[in-house]
Structures are given as structure tokens and as C-alpha cells.
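Visitor: Have a look at this one.
A short reminder: the numbers here are calculations on the coordinates, not readings from a lab. Just so we're clear, the structure is a prediction, and the values are computed from it rather than from any experiment. Backbone-built Cβ (ideal geometry, glycine too); neighbour counts: all protein chains shown.
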Amino acid sequence: MTALRLTVDGAERHLDVDTRTTLLDALRERLEVTSPKKGCDHGQCGSCTVLLDGRRSLSCLTLAVAQDGAEVVTAAGLGSPDALHPVQQAFLDHDGYQCGYCTPGQVCSAVGMLAEAAQGHPSHATDDLEADPELTDAEVRERMSGNLCRCGAYAGILAAVQQAAGAARAEERA
Amino acid sequence: MSTAEPITPRAVGAGHARVDGPLKVTGHALYAVEHGSDEGVTDPLTAWVVGAPVARGRVVRVDAAEALAHAGVVAVLDHETAPRLTETGDAELAILQDDRVHFRGQVVALVLAETSEAAREGARLVRVHVAEEAHVADLDEGVDAGEAYAPEQANAGHETDWADGDLEAARGAASVVVDQTYATPHEHNNPMEPHAAAAHWDGERLTLWDSTQGVHPVAGTLAPLLGLDQERVRVRAPYVGGGFGSKGLPHPPEVAAALAALSQPGRWVRLAITRQQVFSLTGYRTQTRSRVRLSAEPDGRLLAVEHDALSQTSRAKEFVEQTATAARMMYAAPARRTTHRVVPLDVAVPSWMRAPGEMPGMFAHEVAMDELAVACGVDPVDLRVRNEPDRDPETGKPWNDRRLVECLQRGAERFGWAGRPAEPRATVDGDWLVGTGVAAATYPTLWNPDNAARIESRAGGRYAVGIGAVDIGTGARTVLRQVAADALGVDVEAVDLALGDTSLPMATVAGGSAGTASWGTAIVQAAQQFRADHGPDPAPGLHTVSTTEGYPDTEGHALHSFGAVFAEVRVDRWTGEPRCTRLHGTYSVGRVVNPVLARSQLHGGLVMGLSAALHEDGVRDPRFGHTVTQDLATYHVAAHADVPPDLSAEWLEESDLLATPFGGRGVGEIGIVGTAAAIANAAWHATGVRVRDLPATPATFVGGVRG
């Protein structure tokens, strides 16, 4: 067992973990932070996406002991049912979910992706690698493709992400 | 009161947002194994499934010594040490009761440990010694061995074979014949939440937090298996991470969780199977082969429809995909013949997957119709209009309100079908060959009796409505509240709806596109009975419980939904890569209770149909009997980038009071029906390559598109 300190959704948490424990299992099974979901445990579905030190990350693919001192933000830390994050509100506005299981991961992924785009990171769908990427629908679909949704709520998710991206741009201009 | 009366829609038809949305987007909605200390699930054990290492044989010995020596492992259950089941007739569910291995991956041991890490490692350390026997896991091998047989019936009670008219005469009179074989692969439901349950046995009662499409059906199945009265089994499923049929019937994970709990009285046990185990323990859509023979007049009018469907099942338990049933009612023809044959193999048990029967059957039938349209030189939309039956060919009953022709015509207008070139390879856009295709969709109006609802008056003009239904993502929690509000004549805000718990009145499965119809009818009837019992202004604390016996007019009419799907496909002329770039469906599904949620359901069906058309392929290795593509990297389901930029669904304004007292039918399944055919037909139009095997991949086209 290894002692570990994490900041999870703003709260400092201390725990002892098995060195085999993934960050996802540490959150779900040790800390009862079940907002990140386990859909495949192999980094193939995106349901476990959290913001790890500010960047989107698959929490099933990192060992907890490798993240001592890290800051973890889950969808539960981005907003609460009474005070939703703009991305979460956008998911509601566009019915960008059905069963809700992939949803916290989609939300974290969208928040992380919008930050990446704002920082100028290109994607496979970017034509000009030198220019600031414009978040076209094709860009959003490409950048969100690590998050599977078997309910097929992709059209709503796309609209939600574009709404949030538009709001972020408007804020930037203002 | 024996049946519900039609209600006046006010909330029904409005686009209320999902009531559980804020909980879902923040991750506060709790799924099966996520229930924790707040709900008394403290210090739980983790159970891990050990799967059979061979496809057929006997377990000689389960050597658990090494596993038990691993720190944290508490127990290993095998067929000799697991608690005994009272009923063992269902070989899929009767796990750990004897030494038989029916398929690779079958549950042959359960490891219980203090942590998931110890449980998983313990499972790795269990040595399963087996006496392997020769197995057959390949459809053709089974066919060649003469093992195909005619089952007593197909899924959902459909007749195995059904024929009508003078087939020989019709064949003889035909001047155009399409006679082809169409194939669909093993397809796996893969809801995002793998099957999971937390179970607790206190010596008297079994309690489950389950991931299921029906809490009462689970309790009703587990209780006799365990030799318990059903009142001693409580199942709750407030949130379920999708199902698509795979959580419609109880499967081994639930039995495993129950056995694990029985072996550890007083202790919670959590069991969440891995994504890999989902492929062998939770059902799947069997591969199908359909020989479709259409005999027609020169103008495309059908003289005979023949559909011979072949599929495989598991020797452990029979499941027969009802692939040929849509051919019995879809189009007018004086003669018809439909058959189902099935081959038993030493493989995992197939089961329900979204629109069992209609999905693979309509792929075959609707591609055949496209081939007939080409053979006759008739527009594919016109061909279908030309073969419209004025009553149900199968039962001879009048339709409730068959509006397929309107769906085709409205969809064609919306999609921009007019002016489409008849010949393939007519449109090229850079490196892309571009084509369009159409297919019809249908789904029967199913309805389950024996649903019950409880209505109770509360202070301040509020009402508590309870029914043991489950919201697997369909939006039941939202739409049933709308139905209840209208049935009681109050605002939706005045209705407190409870569901997902066997302590609530009996509800049937969330499946067959019958959930909203069956549960909603029960709520309407209970609300109307409540008003009859207690009047319009009841004192708080009065209640009524009522069970539905019947509503839909299945005696007098044939009740079905219909739709028309249009697709645009682009195929790269050098690599053969197919992309679906436009996808549209127009549907006739009765009154839509909630347009926001119904659109999402239809979109979801279209996306899953696209996924089947271009991606999903459960590849089995016949040497070992397992699915090779048993994860979400190798079994690709449609991702964001695969979904057409232009995806749309619409419906006809209508109300079907023959089906339900609120006029709606169901929308869960019809979106997947016909979609793969529309895409396959569009791919032919783009390339001239006829798609008769799913999925269509670059390999399908690369030889045919060059130049």
C-alpha cells in the first residue's frame, strides 16, 4: 500500500492504495467519487475521462500511485445540479445524452477539448497546422471521437459543444 | 374499470427536458455498483468472474489454492462449492451447478475479495482443469453436419414457418426474379455500462442494485431459481447505463451476484463484469443468413415473397432470431413463404438486441427490394408504393393506420430524392463516388398486459405515481410523468414519479418498444380509477392501485409502426472507404409523447443502424469458440466522427388511440430498422457494388471502385 494525496473536485483527499489501483478505481471504489464511469477499463470508450491537472485524461489508464499530488476534476466538480457548468447546461439544452453513463466523461472531454482548441492544438481534421484551429463541426466530431455514446446522442452532443464553444468565444471577445 | 379511456393531451406532446438531466450531466446519478455508504453499501466484497477456457467439456477441478493464498481473496466459488439453485432447467442461468461447459467464457468460478485488484488477480490465479471435448462453433460446420433444425417457434412466439397462396403459380407467372442471400454478422449490444449488480443477503431477503431493463422480471426470475418467494427479492435500478435488449432478460452476471451474496450472508457483494465478458455473458444478436426470393411482374408488382432465414443458437439455450417475420406483412403479394432454421453450436447464448428479427430481416428484404427496383427499372420509392397492401397480408386484418407511403413521400421530399439518377456511379465528387438509397422500416406495436400503477394524493394538490418501470435512457422518467399529469388533469410539476424498484407496482420489461405504451396505459388506467374512487379534489393520503388487462385493439386491427430511411453514402474511389454523409428517417409512430426525447431515440436507432451497416462485426474464432473482437477497439461502434453531419428524424402528426389511451406507440426500435439497408443501397448507387454482407467496409468496395 502506498500513501497518496489527491485534490479531487477541490477537496484534498488522503488515501492508501494498492500499487495496482488505477486512478479510476481509486476515485470510484476508495473515495466513492463515481462521476467518472467505467465502460471498458482499457481506454477505448472515454467514459472515465477526468481533467487531470487541467487536461482531459483517461483515468482507467493511469495508476493512482503515479498521480500523487495531482489535481483531479470530474464532472461533479465542474458543476452541481443546482449550478451547472455551461457545457453541462448545453448538454441539457440539446438533449446530448440518454442513459447518462458516458455523459460525465463526455462533459469532461468537451471542457478539455475546448481548452486544447483555444490553445491552438490541431487535430486530424485540421487543414492548416499553423493557423489557430476553427472549431468546425468536423473538428468537434474528430476531437470528441474518443468518447463513445452507444445511445447515439452524438448530434445533441455536437450541438451542445458548439453552443458552449460559441459562448466561450463570445466571452473571450467581451 | 377494466380498461383505460383515451386522455386529452396537454403535457403529452410537449418537449419537456429530461427530469434527471442535472444528475446525469454532473455524474450524480448512481448506477448499479455505484451505490455506496449513503445507501448502506459499506465495506463491500468484489466478485470476479472466471470464464471457461474451452468451448465444450467438463470441469474436472477448480484449483483455488493459489488464488486463496493471494492477499485479500476471501473465497472462490465453483460448481461444487457455490450455493445450490432450486431450479436448474435454464442452462444459461444455472451457473456453477454442474461441471458442464457449454461455451467458452461461461462462468466456471467466482472469486470474492476485499478489493477489485485482489479479485481480479485472484481470478487470474484460479486454475481451471477441464476435460475438453470436440466442439462446433461455426455456422457452416453445423450446417454441413446436418444440424440445422426447425424450432418450435421463433423469438416472441412467432411461427417458425408461414406461407400463403399458390407459390408455384406465382413463381411461374413472374417475369422478374431477385434471388439472393444476405448476411449479417454477430452483433453485440454493448451498452456503455457493462452489466453489474450489487447484492446483499441478510438470511431472509436478497437485495439487488441491478443494471437491468426490468426489475420485476429479474426478481421474478431469480426468486424461483433461488427457491425464494418473490417478496423476498428486492431489485432496484434507478439508473441504467443503456441496455438495447442485453439487459432485458436476466443473464449470468445477476445470478453470479446473487450466488456470491448468498455465500456471504450479511455482506454486500459488487459484481461488474468486464467489457470483454459482456461479449459472452449478456446475449448478442446472432449472425443471420437470409435467402430472399422476390418474384414480380415487369412493373415491379410482387407475385411472391420468399424469405428463408438461417441463424445459430447456443446448445445451452435456444434463441431464434425472428428474421423472416417482417416479410410476412411488409408488402402485398399473392403468394408468400417464410421459414426459420437454426443451428445449435457450442457458443455463448444469443438473445435480444434492438429490434430482434426486424433489424437483420429488413436489411435483407429491403436490399432485395432495391435489387428488384433496379431489375425492373422502377424508382425504389415507387416500387414500395406500388406494393402497398390494403390490409395485413399475414392476419388479413385491417391496418390501424398504415402510413408507409406518406413516410416515403415526405421523406423523399425532405431528403431531396427527386431527380436522382437511376444508374449507379452517376455522381463523382473529387475522389468520392456519391450515391443515395432508401429503405422502409417497420416495427410491430407490442404491448404488455399485467402492468400496475399506484396513484396517491398528497398535500398541496400533488400526486405520487409509482410503477416499477425502468428508465434505461429512453426518458421513461420524463414521459411517464407527462402521461400521468394528463391522466390526472394536473400540471407535470404536481406529479412525483417513482420507478425502478420492485417495491413499486408490477411493470414489464423496458423492451420491444412497449415500455411507454404498457406502463403509460397502466398509469392512465390507475389515474382514471383514482378519480372514480376519490374524485377531483381528494384529501391527501388516498390511493388507488390498478392493473391493466388490456387496451390495444389487436383483435380487430394489425398494429404496426412504419418509416422510411434515406441515406447518402460516399465511397473513396481509391481506398474503398465508405462514409455515410446524410441520413434521414420519416416515421409513423403514433402520437409522440415528447418530441425532444423521441428525436433522440430515433437518432440513436439511426446511429446504431449506421454502426451495423459500416462497422460492427463480432468475429468468432471457430477453433476456440470465442469472439476475437471482444472490446471496443476491435468491435468498433459508431463514434462521433462516424455520424453523418446531416442526421435528421421526423414523424407524421397523428394519434393512434387503438394502441394507447394517449395515442402513442413506441420509438425505441424502429430507428435501427431499415437503416443498414438504406446505407447499403446508397453504397450500391455510389459504386455499383451490391452490398449483401454486413458490415460494408473498404474491403467490400476496393476491388470494384477503382478506375
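Visitor: Could you state the orientation-averaged shadow area of the convex hull built on the Cα atoms of segment A:86-173, in nm² to one decimal? Don't jump to the answer; show the numbers that get you there.
Guide: Details: hull surface 21.1 nm².
About 5.3 nm², averaged over all directions.
Visitor: Which whole number gives the average count of other chain Cβ atoms within 10 Å of the Cβ atoms across peptide B:30-39?
Guide: Taking all residues of B:30-39 together, the mean is 3.
Visitor: Quick one: if you stick a label point 7 Å off each Cα along the C-beta vector at B:A131 and B:R414, how many nm between them?
Guide: 6.2
Visitor: Kindly give the semi-axes, whole Å and largest first, of the ellipsoid equivalent to chain B, taking each as the square root of 5 times a Cα gyration tensor eigenvalue.
Guide: Its equivalent ellipsoid spans semi-axes of 41, 34, 23 Å.
Visitor: Follow-up. Over 23 Å apart: what share of the alpha carbon pairs of segment B:527-672 falls there, rounded to a whole percent?
Guide: 58
Visitor: Which residues' amide hydrogens lie under 5 Å from the amide hydrogen of B:V101, considering only partners 5 or more residues apart or on another chain, with H built in the peptide plane?
Guide: B:G57, B:R58, B:V59
Visitor: Using 0.36 nm per residue, how much length does the chain from B:D299 to B:H534 gain when fully extended, once their Cα-Cα distance is taken away?
Guide: Taking 0.36 nm per residue and subtracting the Cα distance, the gain is 78.3 nm.
Visitor: Still on this structure, I have one more. For segment B:297-433, take every pair of Cα atoms, bin their distances at 5 Å starting from 0, and report each bin as a whole percent.
Guide: 2, 9, 14, 17, 18, 13, 11, 8, 6, 2, 0
Visitor: Take every residue in peptide B:4-11, count the Cβ atoms of other chains within 10 Å of its Cβ, and give the average of those counts.
Guide: Numbers: counts 0, 0, 0, 0, 0, 0, 0, 0.
That average works out to 0.
Visitor: Could I ask something else about it? Rounded, prolate or oblate: which one fits the protein assembly as shown, using the alpha carbon gyration tensor with axes a ≥ b ≥ c (rounded when a/c is under 1.5, else prolate when a/b beats b/c, else oblate)?
Guide: On the way: a/c = 1.26, a/b = 1.25, b/c = 1.01.
Since a/c stays below 1.5, the shape of the protein assembly as shown is classed as rounded.
Visitor: For segment A:87-174, what is the relative contact order in percent, using Cα pairs closer than 8 Å and at least 6 residues apart in sequence? If you can, show how the numbers build up before the last one.
Guide: Working: 84 pairs, mean separation 39.0, N = 88.
Reported as a whole number, the value is 44 percent.
Visitor: Moving on to the next point. If I take R0 = 41 Å and measure r between the Cβ atoms of B:Y149 and B:V177 in this structure, what FRET efficiency does the formula 1/(1 + (r/R0)^6) give, to the nearest 0.05? Mind dumping the intermediate values first?
Guide: Working: r = 28 Å, r/R0 = 0.69.
About 0.90, to the nearest 0.05.
Visitor: Among the helices of chain A (complete DSSP H runs), which have Cα atoms covering no less than 18 Å along the helix axis and a Kyte-Doolittle mean of at least -1.0? Show your work: numbers first, answer last.
Guide: Values: long enough: A:103-118 (22 Å, 0.81); A:154-173 (28 Å, 0.09).
TM-like helix candidates: A:103-118, A:154-173.
Visitor: Also, quick follow-up: For the peptides A:97-108, A:3-14, what is the packing order when you average, over each peptide's residues, the other Cβ atoms within 10 Å and list the highest mean first? Provide the component values of the computation, followed by the final result.
Guide: On the way: A:97-108: 30.3, A:3-14: 14.8.
Highest mean packing first, the order is A:97-108, A:3-14.
Visitor: Excluding residues fewer than 8 places away in the same chain, name every one of the aspartates and glutamates whose C-alpha is closer than 12 Å to that of B:K397.
Guide: Of all the aspartates and glutamates, those that pass the test against B:K397 - Cα under 12 Å, at least 8 places apart if same chain - are B:D553, B:E555.
Visitor: Here's something else I'd like to know. Hey, can you grab everything whose amide H is under 5 Å from the amide H of B:S561? Only 5+ residues off in sequence or another chain; H modelled, so Pro and N-termini drop out.
Guide: B:Y443, B:T445
Visitor: How would you rank A:62-74, B:357-369, B:384-396, highest first, on the average number of other Cβ atoms within 10 Å across their residues?
Guide: On the way: A:62-74: 17.9, B:357-369: 29.0, B:384-396: 16.3.
Ranking, from highest mean packing down: B:357-369, A:62-74, B:384-396.
Visitor: Hey, another quick one. What is the sum of charges around A:S47, taking Lys and Arg as +1, Asp and Glu as -1, for the other residues whose C-beta is under 13 Å from the C-beta of A:S47? It would help to have the intermediate numbers written out before the result.
Guide: Details: positive: A:R28, A:K37, A:K38, A:R56, A:R150, B:K24, B:R275; negative: A:D41, B:E34, B:E193.
With Lys, Arg at +1 and Asp, Glu at -1, the neighbours total +4.
Visitor: With θ taken as phi - 60° and the coefficients 6.51, -1.76 and 1.60, list the Karplus ³J(HN,Hα) couplings across segment B:430-445 in order, rounded to whole Hz; mark glycine and proline as x.
Guide: Along segment B:430-445, the couplings run x, 7, 9, 8, 10, x, 10, x, 9, 8, 8, 10, 8, 8, x, 7 Hz.
Visitor: Defining a contact as two alpha carbons under 8 Å apart and six or more residues distant in sequence, what relative contact order in percent does chain B show?
Guide: That works out to 17 percent.
Visitor: Mean separation of Cα pairs under 8 Å and 6+ residues apart, divided by the residue count of chain A: what relative contact order is that in percent?
Guide: Value for chain A: 22 percent.
Visitor: Under 5 Å between amide H atoms, partner at least 5 residues away or on a different chain: which partners does B:W651 have, H built in plane at 1.01 Å?
Guide: For B:W651, whose amide H was placed from the backbone, the distant partners under 5 Å are B:Y587.
Visitor: In nanometres, what is the gap between the two model label sites at B:V385 and A:D16, each 7 Å from Cα along Cα-to-Cβ?
Guide: According to this spin-label approximation, the distance is 7.7 nm.
Visitor: Would you calculate the convex hull of the Cα atoms in segment B:206-249 and tell me its volume per residue in Å³?
Guide: 56
Visitor: Could you work out the mean count of beta carbons from other protein chains within 10 Å of each residue's beta carbon in A:30-43?
Guide: 6
Visitor: If you don't mind, another one. Out of all DSSP beta bridges with both ends in the protein assembly as shown, state the antiparallel percent to the nearest 5.
Guide: Of those bridges, close to 75 percent are antiparallel.
Visitor: Okay, next question. I need the peptides B:231-244, B:64-77 ranked by packing, meaning the mean over residues of other C-beta atoms within 10 angstrom, with the highest value on top. Mind dumping the intermediate values first?
Guide: Values: B:231-244: 24.0, B:64-77: 18.1.
Highest-to-lowest ranking by the protection proxy: B:231-244, B:64-77.
Visitor: Can you tell me how much longer the chain between B:F624 and B:A65 gets when fully stretched, taken as 0.36 nm per residue apart minus their C-alpha distance, in nm with one decimal?
Guide: Numbers: separation 559, 0.36 × 559 = 201.24 nm, distance 2.69 nm.
Result for the pair: 198.5 nm of gain on full extension.
Visitor: Report the FRET efficiency, 1/(1 + (r/R0)^6), for B:D553 and B:A464, where r is their Cβ-Cβ distance and R0 is 25 Å, rounded to 0.05.
Guide: 0.20
Visitor: Classify segment A:2-78 as rounded, prolate or oblate, taking a ≥ b ≥ c as the square roots of the eigenvalues of its Cα gyration tensor: rounded when a/c is under 1.5, otherwise prolate if a/b is larger than b/c and oblate if not.
Guide: Working: a/c = 1.57, a/b = 1.17, b/c = 1.34.
Oblate is the answer for segment A:2-78, as a/c is 1.5 or above yet b/c matches or exceeds a/b.
Visitor: Next question, about the same structure. Rg over Rh of chain A, using C-alpha atoms and the Kirkwood radius, what does it come to?
Guide: Taking Rh as the inverse mean 1/r over Cα pairs, Rg/Rh reads 0.98.
Visitor: Sticking with this one: When the Karplus curve 6.51 cos²θ - 1.76 cosθ + 1.60 is applied with θ = phi - 60°, which whole-Hz ³J(HN,Hα) does each residue of segment B:526-536 get, with x for Gly and Pro?
Guide: Karplus values, whole Hz, x for Gly and Pro: 5, 5, 5, 5, 4, 5, 5, 6, 10, x, x.
Visitor: Given R₀ = 51 Å, what would the calculated FRET efficiency be for B:D431 paired with A:A174, taking r from the Cβ atoms and rounding to 0.05?
Guide: 0.75
Visitor: Here's another thing I want to ask about it. What does the charge add up to near B:R403, with Lys and Arg as +1, Asp and Glu as -1, over the other residues with Cβ less than 11 Å from its Cβ?
Guide: On the way: positive: B:R402, B:R410; negative: B:E388, B:D401, B:E406, B:E653, B:E654, B:D656.
Here the charged neighbours net out to -4.
Visitor: Shifting gears a bit: For B:D202 paired with B:E423, estimate the spin-label separation in nm (one decimal), with each label point 7 Å from Cα along the Cα-to-Cβ line.
Guide: Placing both labels 7 Å beyond Cα along the Cβ direction yields 7.7 nm.
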